[in-house]
Amino acid sequence: MKKLILISITILSSCVAYQKISYQEPFIKIYEDVPGDKNQLFLKANEWMVKTFNSAESVIQYSDKEEGVIIGKYLMFGEIRTGAYGISVDSRVYAKIDIRVKDGRALISIEPMGEWSYDPSGFTIYKFGKEQCQAEMESLIESLRAALVSKSTSF
């Protein structure tokens, strides 16, 4: 019986094949047709970051109104889970979000930070693959664009 359990555990653990994922280049989008001056766009971008960064682990790290720059660290996915015997498993994936605005223009750059594990089998907590990361970045960029073209700073 013990041999059967040991063999089963060995087979199951060998089936879980993690992939290491990282991005070499940031995801960049430039908008040349955003209505408003630099100050208006900065306020809208800043408010968007405050509303989007709804986790205590997502923070605005740098903000300069004169230059029209806002940079933040955003928790895209994951958490730290503590299991049996106090062993912690970290599945967090962070991204650096860099927004630069000028009169009528905006640039947003999203760069996933570091390397993270992905389990394509779906049996573990590592469920954030390259496709999910790409979709999250596109969603963030579209959300920012909607905030920038809105009529008011409260959206």
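Give the number of residues within segment 135-155 that are of a type in the set (S, T, N, Q), touching a residue at least 12 places away in the same chain (Cβ under 8 Å) and either within 21 Å of residue 79 (Cβ to Cβ) or part of a loop (DSSP other than H, G, I, E, B) (or both).
3
Output the qualifying pairs, or none if there are none: Cβ atoms under 6 angstrom, residues six or more apart or on different chains, first residue in segment 26-39 and over 30 Å from residue 130 (Cα atoms), second residue of a type outside the set (A, V, I, L, M).
From residues that are over 30 Å from residue 130 (Cα atoms), the pairs are 37/103; 38/68; 38/102; 38/103.
Could you figure out which of (1) at pLDDT below 90; (2) farther than 14 Å from residue 22 by Cβ; (3) of a type in the set (D, E, K, R); (4) exposed (fewer than 13 other Cβ atoms within 10 Å of the Cβ) isn't true of residue 115?
(2)
Read through the list (1) within 19 Å of residue 146 (Cβ to Cβ); (2) of a type outside the set (Lys, Arg); (3) at pLDDT 95 or above, then give the number of the only condition that residue 71 fails.
Result: residue 71 fails condition (1) only.
What is the residue count in segment 101-112 for residues that are over 12 Å from the mean Cα position of the chain (by Cα) and crowded, with 20+ Cβ neighbours inside 10 Å?
So the answer is 3.
The values are calculated or read from the model by the stated rules, or taken from the named source; none is laboratory data. The model shown is predicted, which means the values in this text are computed figures rather than measured ones. Don't worry about glycine lacking a Cβ; one is built from the backbone with ideal geometry, like all the others, and counts go over all protein chains shown.
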